[in-house]
1. Which value, in nm² and rounded to one decimal, describes the direction-averaged projected area of the C-alpha convex hull of segment 1-129?
2. Taking the alpha carbon gyration tensor of segment 50-118, what are the square roots of 5 times its eigenvalues, largest first, to the nearest whole Å?
3. What pairs in Lys6/Lys70; Lys256/Lys364; Lys261/Lys353 have C-alpha atoms more than 32 Å from each other?
4. How much of the DSSP bridge set in the chain is antiparallel, in percent, rounded to the nearest 5?
5. Using a 10 Å cut-off around each Cβ, can you sort Val328, Val270 from fewest to most neighbouring Cβ atoms?
6. Assuming a viscosity of 0.692 mPa s and a temperature of 37 °C, what translational diffusion coefficient in µm² per second does Stokes-Einstein assign to segment 74-211, Rh being the Kirkwood radius over Cα pairs?
7. What is the fewest-to-most order of Leu429, Leu334 by other Cβ atoms lying within 10 Å of their Cβ?
8. Among Met333, Met47, Met199, what is the fewest-to-most ranking by other Cβ atoms within 10 Å?
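Please treat every number below as a calculation from the coordinates, not as lab data. As the structure is a computational prediction, the values presented were derived from the model and not from experiment. Here Cβ is always computed from backbone atoms with ideal geometry, including for glycine, and neighbour counts include all displayed protein chains.
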Amino acid sequence: TEYYLKNIEAKAHLNAYVEVYAQEALATADIVDAKIKAGTAGKLAGMVVGLKDVLCHKNHGLQASSNILKGFVSQFNGTAVERVIQEDAIIIGRQSCDEFAMGSSNENSAFGPVKNDADNTRVPGGSSGGSAVGVQADTCLISLGSDTGGSVRQPAAFCDIIGFKPSYSRISRYGLIAYASSFDSIGIMARSIEDTALMLEVIAGQDDFDSTVSSKPVPSYSTELGFSGKAKICYLKEAVESEGVAKEIREATQKKIDQLKKDGHTVEAVEFPLLDYILPTYYILTTAEASSNLSRFDGVKYGYRSENGTDLESMYKKTRSEGFGKEVKKRIMLGTFVLSAGFYDAYYTKAQKVRRLIREYTEKILSEYDFMLLPTTTTTAFKIGDHQSDPLAMYLADIFTVHANLAGIPAISIPNGKDAAGLAIGIQLMGREFEEAKLLAFSNYLL
Ligand code: GLN
């Protein structure tokens with residue numbers, strides 16, 4: 001704990017943490033130490049954990065990196081956080097993210113941009129940018145983030161670490177601030193598959209506080225990490241051929257494919273005719289869900305309230321105008337539009353249907369293959385400010401990650417070398433629903 005606290009200080013310029021719990025972490029470390037000596041310590045004893053600023057941690061501040069939650073303190077622990085504490089992990093701090101987990105660069109945080117430790121002029125990715133940098137800069141062993149459309153995997157790829165999101169409903173969402181509830185999943189960012197698997201096995205599974213969570217038994221992921229035999233893997237032609245993917249990323253992906261073939265695995269290209277619909281479907285449905293989820297922030301129940309209201313309605317309006325940032329407002333407006341009476345069927349209902357087609361088509365492919373392999377991102381970490389004038393470029397960059405959330409399947413990003421400038425490249429594997437154990441074991445073999 002002392003080691004990580006020192007690193008947090010030395011790396012303060014990266015702006016990864018909103019709050020550091022130095023005294024509390026040291027006190028917990030002493031307690032855990034005594035438990036280890038007594039032989040009563042939990043499964044995560046001594047694991048130093050960072051939490052994305054969207055996870056409820058009792059008696060600690062929580063803001064989703066937004067001004068609208070200024071001053072808000074959690075009244076309870078979310079299920080994942082509670083389980084991590086019960087197993088004697090040490091929570092070291094709260095990490096910055098894009099406001100309400102909306103973004104791909106961590107530039108949308110009310111606490112200012114987070115910097116990539118490999119090159120301070122570049123973004124760490126987002127929305128779990130602070131959590132990725134937390135692990136990258138060795139300021140914690142592991143971070144818990146959230147992944148609605150890639151927010152754990154994309155920053156992991158930009159920061160040269162592992163980013164994993166399980167199947168939808170594998171981990172309880174209780175105590176995770178909602179962005180788009182039918183997409184949201186808690187995700188894990190770490191340096192090793194062993195740590196990722198151990199964390200998953202602690203936080204996954206049945207929970208009385210989330211009616212959507214799966215009641216499937218939780219395998220002992222961390223003891224099932226050996227992979228033997230041959231895998232059948234598919235990839236999208238576009239991922240290695242499309243001009244929209246940076247050349248060095250295409251080459252690194254191709255190299256991985258060649259290596260896998262050489263090692264005796266079956267690797268084949270498949271068509272995904274719905275590729276063009278992935279991003280529009282994602283952005284229609286997530287903004288719709290967000291506009292509904294974020295209606296609770298009205299100045300009455302949580303955090304910030306504008307001083308400038310003259311009656312109830314103007315208080316609502318002023319609170320929301322002053323409290324939310326630009327990207328969040330944009331998405332609330334888009335979501336309200338696609339849900340409005342005259343457009344509901346044309347956008348929202350249609351997108352729901354397309355989502356089902358994407359899911360079914362993906363399931364069909366994965367009934368023939370163990371995994372789908374593709375790059376995590378289309379570029380390496382870009383410069384801070386680079387995409388600010390072109391929001392569409394920012395959305396388009398999510399093409400390979402949102403797929404897994406639309407389909408509800410598990411996906412992981414693992415390091416796959418670096419480009420000529422020394423920037424990290426990630427490769428992504430998606431697996432069948434609830435086949436996390438196999439996905440983690442194969443990732444372990446690949447690393
Ligand atoms: N970049 C995507 C978005 O802005 C993904 C965000 C996420 O997974 N939370 O919606």
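1. Computed as one quarter of the Cα hull surface, the answer is 8.0 nm².
2. Semi-axes from the Cα gyration tensor: 22, 15, 9 Å.
3. Pairs exceeding the cut-off: Lys261/Lys353.
4. On the way: 31 of 47 bridges.
If I count the DSSP bridges inside the chain, around 65 percent turn out antiparallel.
5. Going from least to most buried by this count: Val270, Val328.
6. Working: Rh = 14.7 Å.
D = 223 µm²/s.
7. Listing Leu429, Leu334 from fewest to most nearby Cβ atoms yields Leu334, Leu429.
8. Working: Met333 12, Met47 22, Met199 31.
Neighbour counts put them in this order, fewest first: Met333, Met47, Met199.
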